[in-house]
Amino acid sequence: MHRTAIGFLTCALLAHAQTVDLGMLSKIRAEAVDHPQAEPVFDMFAITIGPRLTASPAHKRAAEYARQRLESYGLSNARLEPWHFGRGWTLEKLTVEMIEPRYFPLIAYADAWSPSTSGEITGAPVWLNGKPPEQAPVKGAIVMTDPIMTNFVRKDRPQPDDPNYVPMSAAYATSAGRGRGARGNGPTPAQRIAQLLREAQAAVILKPSRGEHGTVFVQGRDNGPGAIPTITLAAEHYNMIARMLEQNVPVKLRIDVQTKYYDSDNGNAYNVLAELPGSDLRDEAVMIGGHLDCWHAAVGATDNADGAATVIEAIRILKSIGARPRRTIRVALWGGEEQGLLGSKAWIAEHLKGAEKEKFDVYFNIDNGTGPIYGWYLQNMEAVKPLFDAWLEPLKNFGARRNIIEPVGSTDHISFTDAGVPGFNPIQSYVNYDVRTHHTNMDTVDRVDVKELQQAAAAMAWFAWNAAMADAKIPRPN
């Protein structure tokens with residue numbers, strides 16, 4: 001078995017044997033640093049447009065802007081590809097206040113796809129605190145569902161370039177900070193409580209965030225007609241109210257949630273795609289991408305306006321320097337990633353089958369973290385390590401550090417690996433990512449150094465170029 005593995009690796013390396021073109025790297029780096037254009041793209045997504053919830057008008061606007069930008073660079077077939085998602089949603093108004101025993105404005109956000117309240121609601125909250133909903137007077141009430149929050153998110157995921165790095169467990173690597181992916185066979189406890197409250201006709205649900213220092217983790221889902229308006233509060237404010245109720249201090253809240261649904265676009269969301277055509281291997285494709293959508297409580301700066309701007313800049317760099325790849329290099333900006341990698345899955349179901357799958361080479365994604373690309377998670381693919389190490393080496397004087405063999409999950413490259421083709425995501429900085437910005441109200445432009453997108457775009461362009469020029473495609477995952 002050992003000899004077989006060595007033989008496989010040797011064959012893989014020989015198949016990919018190519019001289020690293022340092023002249024091309026110099027051109028890529030010079031264009032990235034001397035003529036950067038990522039900042040206006042990032043600013044359009046994160047400042048001008050702002051929150052880009054899937055299937056919302058803002059997400060459609062961002063997708064159309066990205067398409068126009070790619071077309072303006074002279075890329076081929078810049079387009080929007082629709083796929084069925086469901087209703088869009090926007091938050092139109094939110095008031096969450098304590099008005100007795102004293103006035104106090106509360107930090108809170110309506111969950112995505114929450115329905116509206118029936119006007120302004122004023123009343124004493126009913127705190128379940130572990131009691132079943134059927135044992136509490138919840139009809140028409142403001143209901144606090146959870147106990148006092150003590151289990152805060154206080155630690156970011158490990159940083160792979162740290163000297164004391166300990167590899168992530170598979171569970172953490174595939175689910176850190178994510179409320180999505182394959183669901184179990186039944187509803188979660190929170191979903192069961194929500195259903196009971198729906199049946200009991202509660203007026204609105206309040207629940208605490210797992211963040212602290214005013215950081216509110218907010219997601220949501222479309223629960224259809226009859227759903228109850230649902231709000232996530234900053235944990236400290238939720239706890240303040242709960243402790244007052246625990247001490248029998250009378251509390252009165254005032255709440256008004258007004259939202260809007262969008263059904264006018266046939267339930268479609270959109271992916272954005274464009275190509276830099278190849279030459280002798282033009283029917284084969286190397287792909288780079290990231291998701292364009294984000295949650296609604298902030299502007300999605302680190303998740304994932306910076307990543308979307310990075311891949312747009314990477315393909316611009318290659319086009320601007322006159323790169324002529326052997327394989328076609330395709331860029332993709334996905335919708336619906338936050339709801340379960342839906343946009344990339346839809347594209348794969350439509351395009352990655354039969355002969356198209358055989359011609360597909362590799363997908364390079366960018367999502368988790370922010371800042372420079374330090375290296376790549378290799379998804380336990382030993383066959384690609386020597387190759388990726390060789391490509392990364394000349395980037396080490398430009399911020400790169402190392403590749404690691406372990407996998408990472410919970411973003412769009414997993415759609416590709418699940419389909420049986422290679423997909424990879426880079427290592428970036430996770431400082432204050434899981435504890436502060438990831439799916440929170442704090443995912444603002446203040447968390448991104450736009451100058452670092454120069455390095456990330458150059459690294460993405462460099463890996464795409466090398467894969468597009470290799471004599472053989474990247475080995476398939478086992």
Select from region 238-268 the residues that are in contact with an Asp or Glu (Cβ under 8 Å, 6 or more places away or on another chain) and in a strand (DSSP E or B) and write down the one among them that is farthest from Ala349 (Cα to Cα). Lys252
Considering every residue within region 376-387, establish whether at least one is of a type outside the set (A, V, I, L, M, F, W, C), in contact with a Pro (Cβ under 8 Å, 6 or more places away or on another chain) and farther than 25 Å from Met24 by Cβ. yes
Out of Val166, Val143, Val153, Val138, I need the residue that is farther than 30 Å from Asn248 by Cβ, of a type in the set (A, V, I, L, M, F, W, C), out of contact with any Phe, Trp or Tyr (no Cβ under 6 Å at 6 or more places or on another chain) and touching a residue at least 24 places away in the same chain (Cβ under 8 Å). Which one? Val153
Out of Leu333, Leu292, Leu342, report the one residue that is in contact (Cβ under 8 Å) with a residue 12 or more places away in the chain and under 10 Å from the mean Cα position of the chain (by Cα). Leu292
Suppose the filter is more than 24 Å from Asn432 (Cα to Cα) and in a helix (DSSP H, G or I); does Val331 pass it? no
Does region 66-81 contain any residue that is closer than 23 Å to Thr259 by Cα, modelled with pLDDT of 95 or more, buried (at least 17 other Cβ atoms within 10 Å of the Cβ) and in contact with a strand residue (DSSP E or B) (Cβ under 6 Å, 6 or more places away or on another chain)? no
Looking at this structure, is Asp471 at pLDDT 95 or above, of a type in the set (D, E, K, R) and part of a loop (DSSP other than H, G, I, E, B)? yes
Only one of Ile193, Ile231 is surrounded by 17 or more Cβ atoms within 10 Å (Cβ to Cβ), under 11 Å from Val143 (Cβ atoms) and over 26 Å from the mean Cα position of the chain (by Cα). Can you tell me which? Ile193
The conditions are (1) under 17 Å from Ala308 (Cα atoms); (2) more than 21 Å from the chain's Cα centre (by Cα); (3) in contact (Cβ under 8 Å) with a residue 40 or more places away in the chain, and Leu53 fails exactly one of them. Which is it? (2)
Any hit, region 135-156, residues being assigned to a loop (DSSP other than H, G, I, E, B), at pLDDT 95 or above, out of contact with any strand residue (DSSP E or B) (no Cβ under 8 Å at 6 or more places or on another chain) and hydroxyl-bearing (Ser, Thr, Tyr): yes
Scanning region 411-420 for residues that are crowded, with 22+ Cβ neighbours inside 10 Å and outside any helix (DSSP H, G or I), which turns out nearest to the chain's Cα centre (by Cα)? Thr411
Here's a check for you: in region 82-99, which residue that is assigned to a strand (DSSP E or B) and surrounded by 19 or more Cβ atoms within 10 Å (Cβ to Cβ) is farthest from the chain's Cα centre (by Cα)? Met98
Test set (1) part of a strand (DSSP E or B); (2) over 30 Å from Ser320 (Cβ atoms) - Ala285 fails condition number: (2)
Being in contact with an Asp or Glu (Cβ under 8 Å, 6 or more places away or on another chain), modelled with pLDDT of 95 or more and assigned to a loop (DSSP other than H, G, I, E, B) is the requirement here; does Asp303 meet it? no
Does Leu395 satisfy being hydrophobic (A, V, I, L, M, F, W, C) and closer than 25 Å to Ala472 by Cα? yes
Given the condition at pLDDT 95 or above and surrounded by 13 or more Cβ atoms within 10 Å (Cβ to Cβ), answer yes or no: does some residue in region 2-20 qualify? no
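The values are calculated or read from the model by the stated rules, or taken from the named source; none is laboratory data. Given the structure is predicted, the values throughout are model-derived calculations rather than measurements. Neighbour counts run over all protein chains shown; Cβ positions are idealised from the backbone, glycine included.
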